[in-house]
Amino acid sequence: MYVTPAPDADNDPLYAVRFGLTGMLGYAAVAVFNPVLPAVMAAMPLAIIAGQRKAFNPVAAIAGPVVLIAMAFVTAWMVEQLLPMPLVLIGAMWLCFFLGFRMILKTGSPVGMIVVVLPLLMSIMGMNGTMALDAMRLALVQAALLTLVLGPVVYMLLPPRTQERHVAVPAPGVGQVEIGAAIRATVLLALSFWLYSVMQPSDLMMALIAAMVIVFPSRLRVWDEAFQRIRATLYGAAMALLLLAFFMVSARLPIILGLIFLSGLFLGTKMMQGKRPSMVYQYAFSVTLALVAGALSTQDPAYASFTRIILTLLGAFTAAFAVALLDDLTGWHGDQPENEGATQEAA
């Protein structure tokens, strides 16, 4: 799968400042609008805006949130219609997962993750009732609308040095990608079924992490992504606990906003200069925002951090083990080198 390169300090020396500002403004929106799922509003704008490289691309900045809103309504409607028919719903979810993973493995484009993640989120929430489903749809729409506003604002305040726009060039997959997509769809559905059966909607992080880990086509890349996700989650949880510890000393909104900005500034700088892949630090900041937003709304911060770490460990390693084993047994990726992309950044 295509992975976004690290930001370049020569092209965009203010990237880290913009990174921290985006996180701070996202959290400020949580405080102002009090959304139903604050972690989604805090973390999602960062994921979309921080993924841009070089000059601001208005088409990408608009297309992502608009597609997200449309898919949120479509998938929520589909899940709501199929809820009275559980077997049909499960079959429809497997088909969505298959199509999304096939798109990723065949073209290398990360757009397929939307086709995977949104049905996953909606089906998990739908199993807990239509009110939970409506809450997730509303949270996604709120976060997407916030992204449409924040993107142009942060780039206008802190423009890159270069006027060149980054062009993503995904690499087409090789081998029998249908088999690889079927393996990944089946593994993700099995993990989703666990969530459907025994877990609460707030614990869906396990399935999300699994979806992000198992898209890679080789055994080595699957394991590498699993370890990178674990590392990023640990970084983000540690940062969140540090921020919350300072916040408890002086529980004021400007304090937490300033701390979020500083943590984003630090992690944004590490994206350009750190020894780990840049997306590790980007994902760590998303974890920090989600944990802080959740902890200061309804969750206990220590429990929230512990839960996220455990769910990530379970999801990433269970999925990685199952996919790596099935990939080995089927050999669907043919002659693709196992070390392909091993030095690339985790998506």
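The values are calculated or read from the model by the stated rules, or taken from the named source; none is laboratory data. Keep in mind that this is a model prediction, so the values were computed, not measured. In this analysis, Cβ positions are derived from the backbone assuming ideal geometry, glycine residues included, and neighbour counts consider all displayed protein chains. The accessibility values were calculated without ligands, DNA or RNA, using every heavy atom of the protein model including side chains. Shrake-Rupley method; radii C 1.70, N 1.55, O 1.52, S 1.80 Å.
Here are the numbers:
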read-out: Close pairs from segment 249-272: first under 13 Å from Thr288 (Cα atoms), partner polar (S, T, N, Q) and surrounded by 14 or more Cβ atoms within 10 Å (Cβ to Cβ), Cβ under 7 Å, at least 6 apart; value: Ser263/Thr288
read-out: Residue under evaluation Ala55, criteria (1) in contact with an Asp or Glu (Cβ under 9 Å, 6 or more places away or on another chain); (2) free of Cβ contacts under 8 Å to residues at least 40 places away in the same chain, criterion not met; value: (2)
read-out: Residues (of a type in the set (Lys, Arg) and modelled with pLDDT of 90 or more) located in segment 245-275; value: Lys270
read-out: Candidate set from segment 58-89 (those that are closer than 11 Å to Pro119 by Cβ and in contact (Cβ under 8 Å) with a residue 40 or more places away in the chain); member that is surrounded by the most Cβ atoms within 10 Å (Cβ to Cβ); value: Thr75
read-out: From Met127, Met103, residue being open to solvent by 40 Å² or more (accessible area, probe 1.4 Å) and without any contact (Cβ under 8 Å) to a residue 40 or more places away in the chain; value: Met103
read-out: Filter result (assigned to a helix (DSSP H, G or I) and open to solvent by 30 Å² or more (accessible area, probe 1.4 Å)) within segment 24-39; value: Met24, Leu25, Ala31, Val32, Phe33, Ala39
read-out: Qualifying position, being modelled with pLDDT of 90 or more and either open to solvent by less than 50 Å² (accessible area, probe 1.4 Å) or within 17 Å of Met271 (Cα to Cα) (or both), among Val3, Val17; value: Val17
read-out: Any hit, segment 170-185, residues being at pLDDT 70 or above, assigned to a helix (DSSP H, G or I), of a type in the set (Asp, Glu) and open to solvent by 10 Å² or more (accessible area, probe 1.4 Å); value: yes
